[in-house]
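The values are calculated or read from the model by the stated rules, or taken from the named source; none is laboratory data. As the structure is a computational prediction, the values presented were derived from the model and not from experiment. Cβ atoms come from the backbone with ideal geometry, glycine included; neighbour counts cover every protein chain shown. For accessibility, only protein heavy atoms count, side chains too; no ligands or nucleic acids. Shrake-Rupley method; radii C 1.70, N 1.55, O 1.52, S 1.80 Å.
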Amino acid sequence: RRRPLSLSLFPSLSLSLSLLLLLSPKEAEAARGINSKLHQQLQHHDGAEDVRNLQEQIEYHLDYIRDFGYEAEYHTVETEDNYVLALFRIPSARGTQNVNKKVVILQHGLLGSSFGWVVNLPSQSLAYIMADAGYDVWMPNSRGNTFSRNNTKVNTNSEAFWNFSWDEQSRYDMPAVYDYVLGQTGNKDLVYVGHSQGTTQMFAALSDETIAPLIQPRTSYYIALAPVAYVGNVESQMLHELSRSYLPEMMLRFGMEEWLPDESLLHYIDPKLCAVDASFCSSLLVAVGGCSLQQKNVSAVVNYLKIQPAGTSVKNLVHWTQSIREDTYQMFDYESEKKNEEHYKQKQPPQYDLSKINLPPKTLFFTGGMDTLADPTDVNRLIRLMQIATADDASKMPLDYNILSYDHLDFTIAITANVQVYDKILKHLSED
């Protein structure tokens, strides 16, 4: 017999004031730094409660990393169009304070956040594994998610704030993150690891004649986990229903700008529920990411759902449903020749031509046989375009590792990802 759903009345992420008294001088200084950043950067947030909630989530994220014995930092960077992005950093290996010299960016996917890279045990999470392997690990958050819900010019509740899709995340977020990370570290290049939409943004950036020169020369290795460009064959039931129903488009027309806001019911599920009824949590993963509990740590999944899904704009979801229906990899379609002319100076949205993509020197693909979002048919189409793009330089052709048993989230939170994926990544990086 199933027990009834138990819900917490308040977020489980609140920070007790008594804990602040136990901070070391260095941690206290870091906390003051967070407060200073929030004071400067949250001028256009909708109120004190938003600021408090954000601070609680930042502290939860940092403490989660520190509890495993790693240094953790919180940074912000402003994009050219005034969005404030949050980055979390693990600068050194566990138990040390010596900043690692090599740099890696871990970019989350749709509805994700930087928290997804650290939710498992240190032996199972890519962020910790990379830090212990000598990498200075930076984990940015895309505009509009839990940690990057701010703009220095417009209010977060305004239509203007939510007027973005992954086009803008590629065009503005990625260059800003690259500039900031390389400026902070003094490095000339870095390793980029993207998951899902984190790869979509990179493919778009490397296909854009304006953005590619800002990204490609400064990327030594591109590692694409569950790479996504074309999604015409996506098997996710949720995305198919949204695409067929035109629900996101209707929401956008009626002035609803945010998809899955931070106050999502999923964040307040009693942590004991998954232990009592694993099928319920499995159903949540299927609904949110087209995934199952197989190969995942149930406790980590519970923690994962405290922050994920981290939200995005309705316009971004519309962009995805357009891509499913039209089976294209192109910029956002305003579905009006006149509006497209206003934005693009042409009647149809520009295509991202992946047959002419300018790839970094080395690229790895990791794909899953059970992935309902990065469908094998769409991935094979992507690989064929990579073959065309690298015809004159075969050394740039991505090497593809296919893991037949993996679904979309396994590349970031599976308990076997350290062996199936991360060991292979480190082996290639060590050989470079």
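The table below gives the values:
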{"read-out": "Distant alpha-carbon pairs in the range 322-432 (separation over 25 angstrom), percent", "value": "39"}
{"read-out": "Computed over the range 117-178, Cα set: Rg, Dmax in Å", "value": "15.2, 43"}
{"read-out": "Solvent-accessible ranking of Val119, Val51, largest area first, probe 1.4 Å", "value": "Val51, Val119"}
{"read-out": "Amide proton proximity set for Thr363, modelled H, under 5 Å, gap of 5+", "value": "Tyr222, Leu399"}
{"read-out": "Simple Cβ-charge dipole of the range 149-230, Lys/Arg +1 and Asp/Glu -1, about Cα centre, in debye nearest 20", "value": "200"}
{"read-out": "Most to least accessible of Met251, Met256 (protein chains only, probe 1.4 Å)", "value": "Met256, Met251"}
{"read-out": "Sparse-neighbour loop sites [chymotrypsin sites (Phe, Trp or Tyr not before Pro); the range 382-432; at most 14 other C-beta within 10 Å; DSSP]", "value": "none"}
{"read-out": "Diffusion constant of the range 292-345 at 37 °C, which comes from Stokes-Einstein with the Kirkwood Cα-pair radius and 0.692 mPa s, µm²/s", "value": "232"}
{"read-out": "Space enclosed by the convex hull of the alpha-carbon atoms of the range 63-183, per residue, Å³", "value": "99"}
{"read-out": "For the range 139-234, convex hull of alpha carbons as volume per residue, Å³", "value": "124"}
{"read-out": "Distance violations [Cα-Cα > 28 Å] among Lys296/Lys356; Lys153/Lys356; Lys188/Lys362; Lys101/Lys396", "value": "Lys296/Lys356; Lys153/Lys356"}
